[in-house]
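One structure is given below, encoded as structure tokens.
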Amino acid sequence: MIRTATQNDLDAIVTLHTEARATYYRGHLPEEEYAGEAEVSRSREGWARAVDRPDATVLCAEADGVLVGIAAHSARDGVMTLSQFHVSPAHWREGVGSALHRACVAEWQRLGVTEARLEVFEPNKRAQAFYAACGWAPDPDNPLDGDHVVMRLAVPPAP
């Protein structure tokens, strides 16, 4: 089931976010930068703001009442931006990410969005492959932003 997040989801969101980020930052960044106490606190504050923002959407994917995926998107500088997208590593390859992505695209179609943008950590080839399979492509005008690959999606019209 995919639904809109509430403040009651915050603990589970932060736990999943921290766990997922560890899978791709481990070995590339010091642990305190993705799982340290200060970073987890900063993450919690960011998610709390995102859940309450009227101009942002935070979606939760649940399986058997447990949070297994999260996505956040909002318009930035006039472009729909998928700023967060995480699936619990224990639930990879189960269709959670695909369902969550379809829910994002359906929301964008409902809003009349024609293009979306995201950034993915360059060493995270698994995520890049997932996004490519969903139709995302490297941004030809701005392929990198620091250590992140910039990708764009031409949002198809609603069926």
Between A75 and residues 5 or more places away or on another chain, the pairs with built amide H atoms under 5 Å apart involve T81
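For D141, what is the net charge nearby, where nearby means another residue's Cβ is under 15 Å from its Cβ and Lys, Arg count +1, Asp, Glu -1? Don't jump to the answer; show the numbers that get you there.
Details: positive: R117, R152; negative: D77, E115, E119, D139, D145.
Every neighbour counted, the sum reads -3.
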Inter-part gap, Cα centre of the stretch 109-131 to Cα centre of the stretch 56-79, in whole angstrom, is 13 Å
Residues meeting the amide H criterion for W92 (H placed from the backbone, H to H distance under 5 Å, 5 or more places apart or on another chain) are none
Listed by chain and number, the residues whose amide H is under 5 Å from that of A5, excluding neighbours fewer than 5 places away on the same chain and using placed H, are V58, L59, C60
To the nearest 0.05, the calculated FRET efficiency linking D141 and L111 through their beta-carbon distance, R0 being 22 Å, is 0.40
Once phi for every residue in the stretch 57-62 is put through the Karplus expression 6.51 cos²θ - 1.76 cosθ + 1.60 (θ = phi - 60°), the whole-Hz ³J(HN,Hα) values, with Gly and Pro written as x, are 10, 10, 10, 10, 9, 10
Among trypsin sites (Lys or Arg not before Pro) in the stretch 60-154, those in a DSSP loop whose Cβ has at most 16 other Cβ atoms within 10 Å are R93
Among the stretch 70-111, those whose backbone N falls under 16 Å of a label point 7 Å along Cα→Cβ from D55 are 73-83
Here the relative contact order (percent) of the chain, from C-alpha pairs under 8 Å and at least 6 apart, is 19 percent
Quick shape check on the chain: root eigenvalues a ≥ b ≥ c of the Cα gyration tensor, a/c under 1.5 is rounded, otherwise prolate if a/b tops b/c, else oblate, and it reads rounded
Quick calc: nm separation of the 7 Å Cα→Cβ label points for H28 and T15 -> 2.6 nm
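Please work out whether the stretch 26-98 counts as rounded, prolate or oblate from its C-alpha gyration tensor, where a ≥ b ≥ c are the square roots of the eigenvalues and a/c under 1.5 means rounded, while otherwise a/b larger than b/c means prolate and anything else oblate? Write down the numbers at each step before the final one.
Details: a/c = 1.59, a/b = 1.04, b/c = 1.53.
Oblate.
Quick note: the coordinates plus some simple rules give every number you see, no bench work behind them. Please read these numbers as outputs of a predicted model, since none were measured by experiment. Glycine also receives a Cβ, built like all others from the backbone with ideal geometry; neighbour counts cover every protein chain displayed.
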